[in-house]
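The values are calculated or read from the model by the stated rules, or taken from the named source; none is laboratory data. Predicted model only: the values in this text are computed from it and were never measured. Counting neighbours? That spans all protein chains shown, and the Cβs are built from the backbone with ideal geometry, glycine included.
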Amino acid sequence: MGLLDGLFGGGTDRVALFVDGPNVLRSEFDTDLDEVRAAAAAMGRPVITRVYLDEQASSGLIQAAEARGYEVVITSGDVDVKMAVDAATAVTDGDCDVLAVASRDTDFKPVLELAARRGCRTLAIAPGTHGRSDALRNAAHEAVTLGE
């Protein structure tokens with residue numbers, strides 16, 4: 001793998017990355033969205049990169065995510081529901097070969113399990129050791145904890 005492959009995805013697998021903003025982009029984790037993308041890109045070529053935020057998200061956070069090439073999805077309701085539905089849709093529509101979920105919320109375990117049943121490889125990305133979910137790690141084919 002070349003130097004740029006880790007940033008832009010050196011593999012042929014299509015990776016769909018879904019980031020649970022309220023659970024990952026917290027001051028106690030100091031999450032770097034570039035590091036999240038690099039973790040997903042290690043699995044293949046990112047074709048979907050989305051950050052989900054609620055309507056209380058600051059304009060600075062929205063701009064920072066967009067500046068890093070993420071599609072930002074703002075929800076008026078529960079971020080988890082919209083993100084889970086979108087991730088399940090990407091899997092069932094055949095839009096990805098790898099589903100990467102950055103979260104510490106066990107609500108995404110069924111989506112990882114669905115993806116695995118549909119033949120997608122799965123990756124759980126934790127924002128740090130304190131924010132790691134054993135349920136997500138165990139449900140995913142692979143797991144990465146940022147900062148380790």
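Overview of values
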{"quantity": "Candidate set from the stretch 82-117 (those that are part of a helix (DSSP H, G or I) and without any contact (Cβ under 8 Å) to a residue 24 or more places away in the chain); member that is nearest to Val51 (Cα to Cα)", "calculated": "Val85"}
{"quantity": "Residue in the stretch 71-81 that is surrounded by 23 or more Cβ atoms within 10 Å (Cβ to Cβ) and closer than 18 Å to Ala39 by Cβ present", "calculated": "no"}
{"quantity": "Positions within the stretch 40-62 being among the polar types (S, T, N, Q) and within 16 Å of Arg26 (Cα to Cα), in sequence order", "calculated": "Gln56, Ser58, Ser59"}
{"quantity": "Matching residues in the stretch 119-141 - criterion: being in a strand (DSSP E or B) and under 13 Å from Ala102 (Cβ atoms)", "calculated": "Thr122, Leu123, Ala124, Ile125, Ala126"}
{"quantity": "Failed item in (1) surrounded by fewer than 23 Cβ atoms within 10 Å (Cβ to Cβ); (2) not hydrophobic (A, V, I, L, M, F, W, C); (3) not in a loop (DSSP other than H, G, I, E, B), with Tyr52 passing the rest", "calculated": "(1)"}
{"quantity": "Exclusive hit being among the acidic types (Asp, Glu), at pLDDT 95 or above and farther than 11 Å from Phe18 by Cβ, set Glu142, Glu71, Glu55", "calculated": "Glu142"}
{"quantity": "Given (1) in a helix (DSSP H, G or I); (2) under 11 Å from the mean Cα position of the chain (by Cα); (3) within 15 Å of Thr145 (Cα to Cα), number of the condition Val19 does not satisfy", "calculated": "(1)"}
{"quantity": "Hits in the stretch 123-139 (condition: surrounded by fewer than 24 Cβ atoms within 10 Å (Cβ to Cβ) and either out of contact with any helix residue (DSSP H, G or I) (no Cβ under 6 Å at 6 or more places or on another chain) or under 21 Å from Thr31 (Cα atoms) (or both))", "calculated": "Gly128, Thr129, His130, Gly131, Arg132, Ser133, Asp134, Ala135, Arg137, Asn138"}
{"quantity": "Candidates Asp107, Asp30, filtered to the one that is among the charged types (D, E, K, R) and either in contact with a helix residue (DSSP H, G or I) (Cβ under 9 Å, 6 or more places away or on another chain) or at pLDDT 95 or above (or both)", "calculated": "Asp107"}
{"quantity": "Residue match in the stretch 87-99 (condition: within 21 Å of Arg14 (Cα to Cα), surrounded by fewer than 18 Cβ atoms within 10 Å (Cβ to Cβ), in contact with a helix residue (DSSP H, G or I) (Cβ under 7 Å, 6 or more places away or on another chain) and not polar (S, T, N, Q))", "calculated": "yes"}
